[in-house]
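FYI, it's all coordinate maths here, none of it is from the lab. Everything numeric in this text was worked out from a predicted model, so none of it was measured. A quick note on method: Cβ atoms are made from the backbone with ideal geometry, for glycine too, and the neighbour counts reach across all protein chains shown.
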Amino acid sequence: MCKNRDAGGEQDGFTLIEILVVIGLISLLMVFLMPMLTSGQEAAKINQCQLIIQSAVSAADEYMGQRRFGDYPPDDFKDPLKTFKIPADPVNPGIESFLAFLHRPDSRAQGFGDKDSWFINTDKDKAEAPIGKLDRVEKVELKDPWGNPMAYFHHRHYGVEQTYRMGGDPDVPEGEEQTVQAWRTKDGRWLNARTFQLFSAGPDGVFNTSDDIGNFKTPDQEND
């Protein structure tokens, strides 16, 4: 392929070699830029996850501050007042119970209001009637930015394992179930021993690994 000459004898256009050189330079730039772009996207998701957790913690504190409840939302669908009844569920139990009780009809708080995009229902389960201020029959979970449900443990049940069904993370098969435990310190003490643990499986989509993101720091994160 050769360049064309105009009436003045000057060449225009590009040779095949020049085009290949440009393509090669662009490809080389992408090799260097892609890790930076990917890292930036992950950082944005981590920040978003932390914001969701902060909002959930504030909602739980508001719930606990109401005299009629005086405690954080249960993780087992059991209402000490026996006025709010939701069928128990063996899959995603803690976080479904957390959201249901945050939105119970006799609470003065509004829960998450218009944050519908934060909900997911990986196990496709339903209650018999619309759930309180959620006003929906689906027993939804709080969704992290990677498309998976978050886990919730009330401090009374830290020793009880829960089962969670994962959602849309590309590295985790959709519908895969994981057994999840509350977090301990390296010397065996429960984290947030008097309150609750709310955490995401993080970027790797696997619970109880060092990249979990919660209302606490994992033992490995304590050293960062």
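Observations
- Estimated FRET transfer efficiency (residue 221, residue 19; beta-carbon r; R0 41 Å; 0.05): 0.25
- Debye log10 I(q)/I(0) for the chain, one point scatterer per Cα, at q = 0.09, 0.12, 0.16, 0.17 Å⁻¹: -0.45, -0.66, -1.09, -1.21
- Residue ranges 145-157, 98-110, 128-140 sort as 145-157, 98-110, 128-140 when ordered by packing (mean number of other C-beta atoms within 10 Å per residue, highest first).
- Label sites at residue 194 and residue 116, each approximated as a point 7 angstrom past Cα along Cα to Cβ, lie 4.0 nm apart.
- Taking 0.36 nm per residue of sequence separation and removing the Cα-Cα distance, the residue 126/residue 210 pair yields an extension gain of 27.0 nm.
- Packing order of peptides 56-66, 177-187, 87-97, highest average first: 87-97, 56-66, 177-187 (average count of other Cβ atoms within 10 Å over each peptide's residues).
- Think of the stretch 50-223 as having a plus end and a minus end, set by charges on the Cβ of Lys, Arg, Asp and Glu; of 120, 132, 215, 132 sits farthest toward the positive end of this dipole.
- Hull volume per residue, based on the alpha-carbon atoms of the stretch 104-224 and their convex hull, is 128 Å³.
- Taking amide H positions as modeled 1.01 Å from N, with prolines and chain starts lacking one, the residues under 5 Å from residue 184 and 5 or more places away or on another chain are 191.
- Spatial offset of the stretch 172-224 relative to the stretch 79-134 amounts to 22 Å, using the alpha carbon center of each.
- Our estimate of slack between residue 28 and residue 106, defined as 0.36 nm per intervening residue step minus the Cα-Cα distance, is 22.1 nm.
- Among the listed pairs 85/217; 85/115; 139/186; 45/139, those beyond 29 Å (Cα-Cα): 85/217; 139/186
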